[in-house]
Every structure is written in C-alpha cells, then in structure tokens.
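**Q** My questions will all concern the structure given below.
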Amino acid sequence: MEGIPYVPATPDEVQRMLDVLGFSTVDALFDAIVPAGDRLRQPLGLPAGLVEADLVEAGTALAAQCTPVTAAASFLGAGAYRHHVPAVIRHLVSRGEYLTAYTPYQPEISQGTLQAIWEYQSLVCDLFAMDVANASVYDGASALAEAMLMSWRIGKGKRPRVILAGAIHPDALEVCCTYGHAGIVRIEAVPPGPDGRVDLEALRRSVGPDTACVAVQSPNFVGLIEDLPEIAAIAHEAGALQVVSVPDPHACALFEAPGASGADIVVGEGQPLGLPISFGGPYVGLFATRNAYVRQMPGRLVGRTRDVEGRQGFVLTLATREQHIRREKATSNICTNQGLCALQVAMYLALQGPEGLREVAEQCHAKALYLKRAVDAIPGFRVPYKGPFFHEFLVETPCRAADLVEDLAEEGIFAGVPLSRWYPARTHEMLVCATETSRREEMDRLVARLAAVQGGAR
Amino acid sequence: MTRPLVTSGASGLLQEEPLIFERSVPGRRAAWPRPLDVPPADDLDPALLRAVPPRLPEVSEPDVVRHHTRLSQRNYGIDAGFYPLGSCTMKHNPRVSEDLAALPGFGGLHPNQPVSSVQGALRVMVELEDALAEITGLDAVTLQPSAGAHGEFTGLLIVRAAHEARGDARRRILIPESAHGTNPASATLCGYETVEVPAGPDGVMLPESVRSLMAPDVAGLMVTHPNTVGLYETHLREICAVVHDGGGLVYGDGANLNALMGVARPGDVGIDVMHVNLHKTFSTPHGGGGPGAGPVAVRAALAPYLPRPVIQRGERLAIDWDRPLSIGKVRSFYGNFGVLVRAWTYVRQMGGPGLSWASRMAVLNANYLRARLGASYEVAFDRPCMHEVILTDRRQRPHGVETMDIAKALMDHGFHPPTVYFPLVVPHALMVEPTESESLDEMDAFVAAMEAVARQASEDPASLHAAPWRSYRRRLDEVLAAKSPDLRYTWPSPEGSASGGD
C-alpha cells in the first residue's frame, strides 16, 4: 500500500499471492478466517502515519520538552545512577547481528549472543564473588523478588517466611510484596535501626527456623554499607539464606564483595554498568548464587560445551528449570529477559577492567564524601547518618524537600530525590548522590544554593 | 530467484575469537575517569574494603571492538535474512526508532527527576497507552511490565485482585493445552492451579469444553488469540460469554496481536485483560533475548487494579502514586521506557492505516507460505490461518528425518529455522511466521530451500542428520552441557593449576 513503510509487497505481488490462494481480495481472505461478527468495521481511531522526516521532528519536539541529566547538575540517585557510558558500547550493541536476533534457541547460528552472555555470567560472578550467574532478569527490583521466591523454593516450603531487613528501596520492597501476593511467601520487614542500618538485635529476634532468607540491600536505600558478615551469620545460624541486593554494583569494586561476606544469593541493578539512564528502563537485573542452588535459579543460563567436531561452543542449558519445559512447575515464568542490556554490562566491565572500575568507585565515594561534608556544614541542613557509605546520603532539609528540588530544577540543578515520594510524612528529607560524573564546581554550586535557601526558606 | 548455498563467513573471513578473558594482558585498559577534582577519601575503615579485587579482563578498546564485532558475526539476525521463528514475530526493526530513543531528552532522563522536566516523555507514554487501548479495544493500559511473561503475571494479578475485591477468591484458571509455557508458569506465580482446556479437532477451542470446566472456583480463562497454532479462535465470543456467566474473567495473551490490528479487537470479542508484546507486534528489536516490553490493557472496571503509578492526563501530565486498589509495582520505575519510545515511533510512523495493512500482509504472507509449503510438507491445519502456519515432519519421518534435522538443514540454505516442537499439541511442529516485512521473493527463496530440504530428506537423509555444515559451529552437545554444567570462566592460577572463582 502506498506510503506504508516496512511492508514490501507491491499491489501486483499481493494479487499474485491471492491468486495462489484462490481469493480475489485481501478482505475475502479475512472473511474466510474471522467470523463476520468479530470484524472491526471502522478504521482504527489512530492518526495517519508520518513520513520519517516528520516523525523525527515530532519525536525531537517531545524530547525537547524534557531536561536530560546531562543538561543539569544532577545529584539524583535512589535506584538509578548516572555514570559515564563509554561511547563504543552503543555502537557495538547497535550491530544488527546482536540487535535483531532473538533468544538463542538455535545455538549453531547464535554463538555471538551465547558466548557474550556466558562472558557476562562470568563477569557478574567475579564482581559479586559468587559461583554462578544467570543470563539476566528484568531489573534490580524484580531480581530481589525472584531471589525471595528462590529462597522459598530452597526451603522446600518448610520455611515460608522471608525477612526484608533494614532500608531496602521502597520500590523493591513493593515489588517483593507484589510477587508475594500469591500468599505462599510470608514477607516480614525489619525496619532499620536509629543509625540507618539493619537493626541487628531486632533481626536476631525475628529470624527463626521458619525463615527462608534474610534479604538486605547494601549500600542501602539511604546509601549506607550494611554489616553483611554479621547479617549472614545471623541468617545462617537459623539455617536461612542471606540475600544481598546491590543497587549500584560499582560498590563491589570498593567494598568487600557480597560473596566474600557470606551471601547465598546476590542480585543487583545493572543499569549503572554501562546502560543509559533512560527514564527508568530498560535496565537489567543481575542474579548470582552458589553452585549448590543453581537448579533453583530462575532465568536462562548459558553453558559451554563442544560441537560434533570437538570445538568450543555455547548453548542454553539446564532448561529443565524453565517454563517452556516445566510449565506450571517451572522455577520462574521468565522468557524474554534483558539480553542486550546484559551485553552492555559485559562490554562495560571489560572496558573498565579492574583498575577502571576501582577508580570509578573510589571517585564516586570521594566526591560524595566531599559533598556530604559540605552539605552537613550548611546551617539548617543535616546529614543524620554517620555510618560508612558509598555515593549517596540522606539530607534533612530546613524546608520542604520537594519544593526545594522543584525550585532548584528551574536553575538547572537536580538537587536530590525527596523522600516524600515514598513516605508522605517525611517531607523534610532527600537523598543526594554524587558519582564520578559530578564536578566539584557543580557540587559547590549546589552547596551555595542550599546555603542561600536556608536564608529565605519557604 | 536461485539462491546459492551459504558459505561460512560474515566478513569475507570468519576468524576464530577467543574468550574476552583470553585477550587480557596485565596493565592494558580502555577507560579512564576525569582526574579527581576533590580530595581523596579518608573516611573508610580498611576492614570494609574489598580484599581481592574482581578479576576482570584487562583489555583495550580495540580489543573489545574486535571481540564483539567478531562475536556478533556468529549471530543470525533479521538484518541478515528471513527469520520465520513462529510466535516470535521477527519483523524488520526500523532504525529511526533507535535514533529517537537515544535522544538526550529521552535516553538521558533520570526516573526520579521533577515531573515538570519530563513532560515529553510522559506524553510519549500516554500516546502509546491510548494507541494500545484503541488497537486492543480495551480502556486502560499499564506500560510497566518488562516482557510478555511479566505482562501475564501482571494481568493475572489484576484478575486475582478483582475477584478478591468482591470477596470471591478463586483458585483455578483454565488454560488451553496449546498455550505457551509462560502461561501456566505465570498462573502458578500468581497462586493459581491450572486446568487444561483441550482444543477441538480443528485446532480451535470449543465453547462446550470451556462450559464443562467452568466452576465457582475458576477465576477465568487464559487464552492466546489468535492461538498458538496460528488460528483465529472462532468461538471466542461465545467462550468469553461462558466464562463471564460463570463469574470469571478472560485473560488474552497478545503474543499474536500482529494478526489482528485493525482486523478484530480482542476487547470487542470479550477479552477483559491482555498483554501486548511490543518487541513483536510493535517492531522493537529482540536484542538476542530482550529487552522487550509487555504492556497490559484492561477494561475500565479493572483499571483501579493496574500497577502503580499511572499517568494522570491533562494539559500538564502528572504521575499518580495514590492508587489504593493497585496490585502494586511489578518492577522499578515506569517500565522499559526506551522500548516504549521505539513502539511509539512505530505507531506514529505506520499510523492506523499502516498498522491495519501490516496485519493484513502478515496474514497474507503466512497463507501464501501455507499454500506453497503444503506441496512438500504436512500442514497441521490446512485451512486459512492467521499470521503463522504449522508444518510437521510427517512426510519426512518415514525417511528417518525429523523436525530438528529439517531445522538444522535450513541453516545450510541460509535461513533461520522456524520455531520447532512448539506448540506441544502438534507433534514435531515446525511453526513458520513470515511477518509482513518479508517480500515475495524472500519467501519464494525460503520455499525453494524447504523444498530442497524435503528432496534431500528422501534422497540422502544421512546428510541431514549431520546438518548444519556451514554454520560457525556444527551441532552442539547439549547433553554434555547439562550433565557437567560449565557456566562461567575460571582464571588459571599463576601456577597453571585451576583455581576457584572466589
């Protein structure tokens, strides 16, 4: 049809196909397929198509109504983190061979995706110091929910209770509750103690023989590093697993890895490792565990094997866990995951290497420390928690944090994320984050503006 | 058109490529941050720091480019050729949508920015929601789910919430035996027991079968429409009425929506809630296994249960978190936004008439292949189909040639095989879905290849058992992979003996 892109059939070809089928018109073919009463008799109520030039103009105009973080001094975090993405990543994942393939069901002609994912699995294992990682789940929050369900499966139903300890991102907590709706898993939250970290005494009291796992986020929602070895000890003493969720895996290049701190399942948000921040997605859930639990893992797994000529090759494996074989008895319903995002993570980790990753992590911390000390020194502002932290911290504000953030946004500063988004009563708190992308000049500008706000606070 | 057999090689030469770890040279690197412009940190207790750094490869940017260029060349994508993977809708992926999704005003937005600074992004989302509502014939849409199975999970939780809100908890759900494996897996995840509905002899579900299974504890029916054997569920209107009469709801798996745009609307027929795979019908790239997106559309009465937040309409768009009946979030933030931008782009470029035409041509192409391939292969249901057609190996099996052999042999002719051994209700299925973006000459070349394979099956079956010959790797030992799982790289220790990863 005239002007319809991506549909190559010419009127003559349409007629030739209809002739083969013995129908005179396309409509007649559909009359033979769809009952008359079901047919849509009017055109779809959608605008006519745009030619590419107009489409680009329309899309660009909408994008122009938005302020990207690159056009502002941004100190936003709370689950998504701005880091420099090496330019080459976008070019490599844009290669049509990666971009336009699907799940590698036919390994002989999918060795590219398969080897890249196997390398991704290996890199995630190294980063977390774990034995085995899957090919990805949707994002960090759903990864935590899947880890919770996996712990329950490992407990064989005799351990129905999942403990979510300390300051876990409220969105991730909510996703866990959504996944737990089926009622088989009992979710219990142990709130953080007065220092913003897991209340170890409360946790000790809560854990019992019915506990499948103790899940903890580190760095936690307010940026603090949790005492993972101690939490693991408390969990293990009760025969429960420790699940660790890592919101920005750069932290693992600076702080002790979860796998070396007793974790049984480690999940993480992969966005900070080379993905565009893209208004919240697509991101990628990292998921790793110990060898003993691999058969309870959700998601795809790539394994190394040999072809008939004895050459190294890669295939999807241990599929007997999965929905297309096990159906209602599968370990998860996941099918399409975040393949291309996992490739981006693999490329990022290779490009950074051990030195680059450590330097980025150290810079994140150094800059956040600089900013934290400066903000804490502004009269009226306070950083309540003094424990070890990575690159994000909570600030108490003298005025409503949401107003402050809106006002500063007008001046091209995204000052932080107001806590009232999740906790309506916590009106005077915000999360502030610095990464290696934050410049000293921007941080000084933020501090100067906050100091000025204090004078004329509304 | 005669097509030469493939030869190995994607770039003139196909080089062997080591693992990225085997390219590592101590001291090599590819990326540097800016020089630190603040004092180094002095606050951390050394006991908290990582004792053994992650053992990442040390490589240069040229290393990484070579590595991934060579690896990518071992992949078959739609860009390279016909990819008739049934039920996956491997249609052409437009590149203009890649460009638009990467604009800083979309790709550079932080999800926690003030809402005043993301109006254009929210506009894209509401326009996409409206388009999906119009196409499905439903009223409200969430864009949050990340994939089709994630949409199934979301939609079934909505069904569950709607029943529970009436104080009518129900524990079973009806699922046709031909359903994709994600359907029963999603139902289990939502706490439902599954009950299989048999298909009628002509491949579609019969109202009697559903009627006989409906009971007060049945929450509803989960139906793929058109179904997984590529047929329009001709009795669906009556079946939906049966389910509704029994107090149930009908969930539609929209994996095959590419056959229906502008043809018939699932909502009009009686489906109450359905997911849509943007990476299928709306042409966003499959990416070797994601990212996709699985928005869920519902009737107005079910809208209060949608995951939160929802976008509040108006001159200024807002994000509404105050949704007391919501099933809650199913993932972080608002969904796979970058995928949503690409789908919005596709809808705007195609327009209503273009989408309707795309569905018509997808169905015409599938029927053309059905007619042509029927000469050499058994067609499972030989009558007008929708967007895909199922063949079997019945005529080849007497020669000892099976579906898997046919699939592997097709690679030597330059084609990605169809989906094989699915759906399970058709033994030894080969499921062919051409989509509308394949041309007649491309399909004719595929038919010629299929016919050549059929001839080979009768003349030289042994050669097919060994296929493929020309791919970068030949048949891989999947039994070995599962028996002794080798799931990650282990660095050799300096002494040359293997060491553990942690």
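The values are calculated or read from the model by the stated rules, or taken from the named source; none is laboratory data. Please read all numbers here as calculations on a predicted model, not as lab measurements. Counting neighbours? That spans all protein chains shown, and the Cβs are built from the backbone with ideal geometry, glycine included. What goes into the accessible areas is simple: the full protein's heavy atoms, side chains included, and nothing from ligands, DNA or RNA. Shrake-Rupley method; radii C 1.70, N 1.55, O 1.52, S 1.80 Å.
**Q** So, in the protein assembly as shown, how many Lys pairs have Cα atoms under 26 Å apart, if the pair is 8 or more places apart or on different chains?
**A** For the protein assembly as shown, qualifying lysine pairs total 12.
**Q** Another question, then. Do any GluC sites (Glu not before Pro) in region A:308-417 lie in a loop, going by DSSP, with at most 12 other beta-carbon atoms within 10 Å of their beta carbon, and if so which?
**A** Passing sites in region A:308-417 are A:GLU309, A:GLU411.
**Q** Summing -39500 (n - 2.57) over the DSSP H runs of n ≥ 4 in chain A and dividing by its residue number, what mean residue ellipticity at 222 nm do you reach, to the nearest 500 deg cm²/dmol?
**A** So the helix-based figure for chain A works out to -11500 deg cm²/dmol.
**Q** Still on this structure, please answer the following. Net charge near A:THR336, counting Lys/Arg +1 and Asp/Glu -1 over other residues with Cβ under 12 Å of its Cβ?
**A** Here the charged neighbours net out to +1.
**Q** Would you mind pulling out the separation of the Cα centroids of region A:21-98 and region B:15-34, in Å?
**A** About 36 Å separates the Cα centre of region A:21-98 from the one of region B:15-34.
**Q** Right, here's the next one. Net charge near B:MET274, counting Lys/Arg +1 and Asp/Glu -1 over other residues with Cβ under 11 Å of its Cβ?
**A** Charge balance in the 11 Å sphere: -1.
**Q** Averaged over B:403-414, how many beta carbons belonging to a partner chain fall within 10 Å of each residue's beta carbon? Don't jump to the answer; show the numbers that get you there.
**A** Details: counts 0, 0, 0, 0, 3, 3, 0, 2, 3, 1, 0, 0.
Going residue by residue through B:403-414 and averaging, the value is 1.
**Q** So, one more: For n ≥ 4 DSSP H runs only, could you compute -39500 (n - 2.57) per run for chain B, divide by its residues and tell me the 222 nm figure to the nearest 500?
**A** It lands at -10000 deg cm²/dmol.
**Q** Now a separate question. Between the chain alone and the structure with every protein chain in place, find the residues of region A:432-446 that drop at least 30 Å² of accessible area; heavy atoms, 1.4 Å probe.
**A** Those are A:ARG439, A:ARG440, which lose 30 Å² or more relative to the chain on its own.
**Q** Chains B and A: buried accessible surface, both sides, probe 1.4 Å, rounded to 100 Å²?
**A** Buried: approximately 16700 Å² between A and B.
**Q** In 5 Å bins starting at 0, how do the alpha-carbon pair distances of region A:307-458 split up by percent?
**A** Per 5 Å bin, starting at 0, the Cα pair percentages come out as 2, 8, 13, 14, 12, 9, 9, 9, 8, 6, 5, 3, 2, 1, 0, 0.
**Q** Summarise the accessible area of chain B (1.4 Å probe, protein heavy atoms) by the percent that is carbon and sulfur.
**A** Roughly 53 percent of what the probe reaches on chain B is carbon or sulfur.
**Q** Take B:GLU16 and B:GLU315, extend 7 Å from each Cα along the Cα→Cβ direction, and tell me the distance between the two endpoints in nm.
**A** Label at B:GLU16, label at B:GLU315, 6.9 nm between them.
**Q** Provide the gained length on full extension for the span A:ALA32 to A:THR427, in nm with one decimal, where the gain is 0.36 nm per separating residue minus the Cα-Cα distance.
**A** That pair, A:ALA32 and A:THR427, stretches by 136.0 nm at full extension.
**Q** For chain A, what is the percent of antiparallel DSSP beta bridges, rounded to the nearest 5?
**A** 50 percent
**Q** Based on the mean of other beta carbon atoms within 10 Å per residue, what is the order of B:12-22, B:438-448, most packed first?
**A** B:438-448, B:12-22
**Q** Restricting the count to DSSP beta bridges whose residues both fall in the protein assembly as shown, what percent are antiparallel, rounded to a multiple of 5?
**A** 55 percent
**Q** Can you sort A:GLU13, A:GLU441 by 1.4 Å-probe accessible area, starting with the largest?
**A** If we order A:GLU13, A:GLU441 from most to least accessible, we get A:GLU441, A:GLU13.
**Q** Among DSSP bridges having both ends in chain B, what percentage is antiparallel? Round to the nearest 5.
**A** Taking every DSSP beta bridge within chain B, about 55 percent pair in antiparallel fashion.
**Q** Quick one: what are the phi-derived ³J(HN,Hα) couplings along region A:347-362, Karplus 6.51/-1.76/1.60 with θ = phi - 60°, whole Hz, x for glycine and proline?
**A** 5, 4, 5, 5, 5, 6, x, x, 5, x, 5, 5, 5, 4, 5, 5
**Q** Can you work out the FRET efficiency for the pair B:HIS244 and A:ILE325, with r the C-beta to C-beta distance and R0 = 25 Å, to the nearest 0.05?
**A** 0.15
**Q** How many angstrom lie between the Cα centre of region B:115-146 and the Cα centre of region A:413-455?
**A** 30 Å
**Q** Right, something else. What is the calculated FRET efficiency for B:ARG299 to B:ASP477, with r their C-beta to C-beta distance and R₀ = 35 Å, to the nearest 0.05?
**A** Numbers: r = 50 Å, r/R0 = 1.42.
Here the calculated transfer efficiency is 0.10.
**Q** What FRET efficiency do you get for B:GLU196 and B:ASP130 if R0 is 41 Å and r is their Cβ-Cβ distance, rounded to the nearest 0.05?
**A** 0.70
**Q** Shifting gears a bit: Looking at the square roots a ≥ b ≥ c of the eigenvalues of the Cα gyration tensor of chain A, which shape do they give, rounded for a/c under 1.5, prolate if a/b is larger than b/c, or oblate?
**A** It is oblate, given that a/c is not under 1.5 and a/b is not larger than b/c.
**Q** Pairwise over distinct Cα atoms, reciprocal of the mean inverse distance: report the Kirkwood radius of the protein assembly as shown in Å, one decimal place.
**A** It is 28.5 Å.
**Q** Same structure again: Which value, in Å³ per residue, describes the convex hull spanned by the Cα atoms of region B:158-211?
**A** Residue-normalised Cα hull volume stands at 84 Å³.
**Q** Would you work out if chain B is rounded, prolate or oblate? Take a ≥ b ≥ c from the square roots of the eigenvalues of the alpha-carbon gyration tensor; rounded if a/c is under 1.5, else prolate when a/b is larger than b/c, oblate otherwise. Let's see the in-between values first.
**A** Working: a/c = 1.66, a/b = 1.06, b/c = 1.56.
Oblate, since a/c reaches 1.5 and b/c is not below a/b.
**Q** Just counting partner chain Cβ atoms within 10 Å, what average do the residues of peptide A:67-74 show around their Cβ?
**A** Per residue, the average neighbour count from other chains is 6.
**Q** Additional query: Under a plain spin-label model, where a point goes 7 Å from the Cα along Cα-to-Cβ, how far apart in nm are A:VAL20 and A:GLN65?
**A** Roughly 4.5 nm, to one decimal.
**Q** Would you calculate the separation in nanometres between label points at B:ALA51 and A:GLN312, each defined as 7 Å from the Cα along the Cα-to-beta-carbon direction?
**A** 3.0 nm
**Q** Fully extended, how many nm does the chain gain between A:ALA48 and A:ALA87 (0.36 nm per residue separation, minus their Cα-Cα distance)? Write down the numbers at each step before the final one.
**A** Details: separation 39, 0.36 × 39 = 14.04 nm, distance 3.60 nm.
Length difference between fully extended and current span is 10.4 nm.
**Q** Out of all Cα-Cα pairs in region A:87-348, roughly what percent, to the nearest whole number, are more than 32 Å apart? Provide the component values of the computation, followed by the final result.
**A** Details: 6969 of 34191 pairs.
Tail fraction, whole percent: 20.
**Q** Per 5 Å bin from zero, what fraction in whole % of the C-alpha pairs of region A:1-98 is there, up to the bin with the longest pair?
**A** 2, 8, 9, 10, 14, 13, 9, 10, 8, 7, 7, 4, 1, 0
**Q** Accessible area per residue, 1.4 Å probe, Å², for the protein assembly as shown: what's the number? Provide the component values of the computation, followed by the final result.
**A** Numbers: 30770 Å² over 960 residues.
Result: 32 Å² of accessible area for each residue.
**Q** Would you mind giving the mean number of other chain beta-carbons within 10 Å of the Cβ of each residue in A:15-26, as a whole number? The partial results should precede the final answer.
**A** On the way: counts 0, 2, 10, 3, 0, 5, 7, 1, 3, 0, 0, 5.
Per residue, the average neighbour count from other chains is 3.
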